[in-house]
Amino acid sequence: MTAALRGLAGGLILLLGWEAAVRLFAIPPWILPAPSGILATTWTARAGLLPAAGMTLAEATGGYAIGAVLGILLAILLSQAAMLRRVLLPVVVIINSVPVAAYAPLALLWFGTGATSKVIMVAFIVGFTVFLNALDGLTRVDPAGIALLRSFGAGRLSILWRLRLPSALPAIAVGLRVSTVRAMIVAIVTEMLGSQLGLGWTIFEAVLQIDFLRVWAAILVASVMSLAFFGAITLLERRVVFWK
Amino acid sequence: MTEAAGLLDPHLTVGTAPAGREKLGLRGVSRHFGAVHALDRIDASIPEGAFVTLIGPSGCGKSTLFNILAGLLEPDPGGSVALDGMVVPPGGLLGRVAFMPQRDLLLPWRSVLDNAILAAEVQGQPKKEARALAREMARDFGLAGFEDHFPQQLSGGMRQRVALMRTFLFDRDVMLLDEPFGALDALTRSLMQRWLLDIWSRYRRTIVFITHDIDEAIFLADRVLVMGARPGRIRMDRAIDLPRPRAAALITAPEFTAIKRELLEVLEEESLKTFQAGQR
Ligand SMILES: Nc1ncnc2c1ncn2[C@@H]1O[C@H](COP(=O)(O)OP(=O)(O)O)[C@@H](O)[C@H]1O
Ligand SMILES: [Mg+2]
């Protein structure tokens, strides 16, 4: 709680400093508008921003859910196949290390400029992140714990269910947490590269129209959504991984 | 520290252990780890219902022997383990003896009760039924009122009792306990020893118990097996015919100290070998 309060205080100080600096040095709005101006524009442009935000959020969370489920399932499968894991893991790491933006044009080419390409891009990025974290958690289990369960007569599935999965939960939770922000970023970047909807598109369009206040307003909305998404998953994580 | 005190039954009912038939037999059990020769032709016979303690310098292969008895490791070719007179095939001991490893290995996401029923659950006993049984047993194990706590909230002695309860709830004739009291302070340890004897008398299992504490080894046992420096071998097999029930003061009795002196001689010699090997 106090941490949240301190964060809030820090944010306020930053905003006030920003506002003061813009006024004091008379910075022109196309370089850096004042927070008050951004807030005002967010309010007046709400009719366009709201549906755009809804679209982006739907793409980000939809892709997130799909990627998370697939990533966890794939990690579980590979945790049970040591040979296959050793062959596939380097490939996965290589694919994962290429910056997202590089794949986005391909996704647009293959899946069009509608929501599908965004959902797929998000699912792809989230899937990799969650997969790598989950696999690490699933395979880094205390061998003594595995021995104990084996001595009780436990088979693979029993060990997976009673030991590997719960032991991996903290690692999976970390993957899910960092994926929230990535999901938002990827959705917005892919929108910028090709779409007629969403906050990414709004930003792109506003830049073309030299409407910098609207750019900032869209960034503000995207940041608030990102934070909320991150916060929600963090809260969930604390409840599920209560023993850490 | 005195949490175990209330558990002691002043009217202990144990007689001397029956010199029963063989429960567990080891015949020429050796084990190498690469170049390390951990166990060397161990022969031993553990009678049904007996409390046998295993003592020896650290690194002499006690835990390795337990891993073999639990079915987690195979002995080198030529050696075998027999349970109830039948030689056990590779992996055949898994699920057949109740093993308590050196660390308690309690699962932090499970409550005390759910940790205790882990083995029973693995064996396919319905959770509800296992929990009901565990709830009844919690009093015997000094865990009444803590059933729904999590391991992180417990003291070392209590954690150890949860692990012991898990081992007892895994309803097998043979129990292997690897230094269960090794991490406890002397007073708690002494209380837990008497408590364990009391529990043992009520649940009647064959127990093999590893320790590196001579007093503990003698105090608990019907028989003490002394292992020698690596490669581990049984250097001495001493029957302990001290009367039961045993009171705390026993360890100062002359018959106790006589046995202790006898064991010490062998142990000192073996520990010295380990020490000198370490200096080279
Ligand atoms: N899995 C293993 N791989 C290699 N060496 C091992 C393994 N387990 C035990 N050892 C070695 O075998 C010897 C006996 O170990 P251990 O049985 O743990 O001794 P103790 O329990 O008596 O202290 C030690 O030298 C140890 O390093
Ligand atoms: Mg050991």
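Rule-based calculations on the coordinates, nothing more; no lab input. Note that the structure is predicted; figures quoted are calculated from it, not measured. Backbone-built Cβ (ideal geometry, glycine too); neighbour counts: all protein chains shown.
See the values below:
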item	result
Relative intensity, log₁₀ I(q)/I(0), of chain A from a Debye sum that treats every alpha carbon as a point, q = 0.12, 0.15, 0.16, 0.17 Å⁻¹	-0.81, -1.07, -1.15, -1.23
Förster radius 60 Å - calculated FRET efficiency between A:I210 and B:Q125, Cβ distance, rounded to 0.05	0.25
Helix runs (DSSP H) in chain A reaching 15 Å along axis by Cα, Kyte-Doolittle at least -0.5	A:2-24, A:46-79, A:82-97, A:115-139, A:165-193, A:198-208, A:212-240
A:A3 versus B:D241: modelled label distance in nm, points set 7 Å from Cα along the beta carbon direction	6.6
Inter-centroid distance (Cα atoms) of segment A:160-197 relative to segment B:224-280, Å	58
Local net charge near A:T202, Cβ-Cβ under 15 Å (Lys/Arg +1, Asp/Glu -1)	-1
Candidate lysines for bridging to B:K273, where Cα separation is under 23 Å - those fewer than 8 sequence places away on the same chain excluded	B:K62, B:K260
Pairwise label distance in nanometres, A:A21 with B:E269, each label 7 Å out on the Cα-Cβ vector	8.2
Estimated inter-spin distance, B:E262 and A:A102, nm [label 7 Å along Cα→Cβ]	7.6
Share of alpha-carbon pairs per 10 Å distance bin for segment B:104-171, given as whole %	25, 62, 13
Sorted by Cβ density within 10 Å, fewest first, the residues A:L109, A:L213, B:L169	A:L109, A:L213, B:L169
Segment A:3-69 shape via C-alpha gyration tensor axes, a/c threshold 1.5	oblate
Radius of gyration and maximum dimension Dmax of segment A:54-150, Cα, Å	16.1, 53
The protein assembly as shown: Cα Rg divided by the 2.2 N^0.38 Å rule of thumb	1.35
Dipole-positive endmost among A:F212, A:L132, A:S179 within chain A (Cβ charges, Cα centre)	A:L132
Within straight-line cross-link reach of B:K23, aspartates and glutamates at Cα separation under 18 Å, skipping those fewer than 8 residues along the same chain	B:D43, B:E48, B:D84, B:D171, B:D173, B:D222, B:D237
